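The block underneath contains the structure these notes are about, expressed in structure tokens.
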Amino acid sequence: SSFISTPKEEPKPKGPLVIPKRAQDDKRAIAYLIKTRGIDKDIVFALIKQGRVYYGIDQRIDTETGEVRTYQGVCFASLDEKGNIVGGSMRAASDKSSFRKDFDNNDKSFGFTMPGRSNRVYVFEAAIDAMSYATLMKMQGQDWQRDHRICEGCLSDRALQRYLQQHPEIDEIVWCFDNDMDGVDNHGKPRNHGQLAAEKYCRQYSGSYDVCCIE
């Protein structure tokens, strides 16, 4: 019998990045971050002023029904060196909703960042994690703007790689991935995904950087 080779399909190219429009004001984002999530107000307003956080509205036509769907929530924008939005994510401004999504055609090699001045970078999964950690530092009387913070939006190191290229002064990396105590693998067995990923990257980067993991 003859064997017919099927050519491998090339991945479809991404379309243009879809950036949610900024709402008339950021009141709902401010209320959610400060009152619901407990983020320090100075940090929230600083990030809004920098264009990294805003309340966004995203409207699109459902390809199946033709109806206009509206999504809105707190946007966490990833910026390039010139301050342009090159990616990001959106989540509901309520702890009663689980809605969250990346910007359409988001480039994960850009992360949500909180640039600093030191030689240390903290790596998180989510933007709110980074903002919460900065809040804790401020509560302890430390300068929350001293160290760098970057969020991957997943258990990756793609955004970190890009950030390290842009900041050669950094020689210390601290991983602050989630402690997934209740995590399981595909077979239902316990697996702490966040900590295992952090440990893997610590080993990977230990030859070139001072590294550590925080549970």
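Points to keep in mind about this one:
- Some residue of region 136-150 being more than 26 Å from residue 94 (Cβ to Cβ), part of a helix (DSSP H, G or I) and of a type in the set (Gly, Ala, Ser): no
- Under the condition of being surrounded by fewer than 21 Cβ atoms within 10 Å (Cβ to Cβ), more than 16 Å from residue 77 (Cβ to Cβ) and not small (Gly, Ala, Ser), the residues counted in region 109-131 number 4.
- Residue 106 vs. criteria modelled with pLDDT under 95 and either loosely packed, with under 12 Cβ neighbours inside 10 Å or of a type in the set (D, E, K, R) (or both): no
- When residue 101 is tested against the conditions (1) within 29 Å of residue 146 (Cβ to Cβ); (2) surrounded by 13 or more Cβ atoms within 10 Å (Cβ to Cβ); (3) basic (Lys, Arg), the lone failure is (1).
- Taking the listed residues 134, 29, 93, the one that is closer than 25 Å to residue 167 by Cα and open to solvent by less than 60 Å² (accessible area, probe 1.4 Å) is 134, with no other qualifying.
- Scanning region 36-58 for residues that are in contact (Cβ under 8 Å) with a residue 60 or more places away in the chain, open to solvent by 50 Å² or more (accessible area, probe 1.4 Å), assigned to a loop (DSSP other than H, G, I, E, B) and more than 11 Å from residue 128 (Cβ to Cβ) yields no hits at all.
- Per-region count, region 145-160, residues open to solvent by 30 Å² or more (accessible area, probe 1.4 Å) and modelled with pLDDT of 95 or more: 2
- When residues in region 61-100 are screened for being of a type outside the set (S, T, N, Q), in contact (Cβ under 8 Å) with a residue 24 or more places away in the chain, assigned to a strand (DSSP E or B) and over 22 Å from residue 36 (Cβ atoms), 4 of them pass.
- Of all the numbered requirements in (1) within 28 Å of residue 199 (Cβ to Cβ); (2) in a loop (DSSP other than H, G, I, E, B); (3) hydrophobic (A, V, I, L, M, F, W, C), residue 131 misses one, and that requirement is (2).
- Filtered by the rule that a residue be part of a helix (DSSP H, G or I), over 22 Å from residue 60 (Cβ atoms) and either more than 19 Å from the chain's Cα centre (by Cα) or of a type in the set (D, E, K, R) (or both), region 11-35 gives 27, 31, 35.
The values are calculated or read from the model by the stated rules, or taken from the named source; none is laboratory data. Computed from a predicted structure; not experimentally measured. Reconstructed Cβ throughout: ideal geometry from the backbone, glycine too, with neighbour counts over all protein chains shown. For the accessible areas, the whole protein counts, side chains as well, though only heavy atoms, and no ligand, DNA or RNA atoms are used. Shrake-Rupley method; radii C 1.70, N 1.55, O 1.52, S 1.80 Å.
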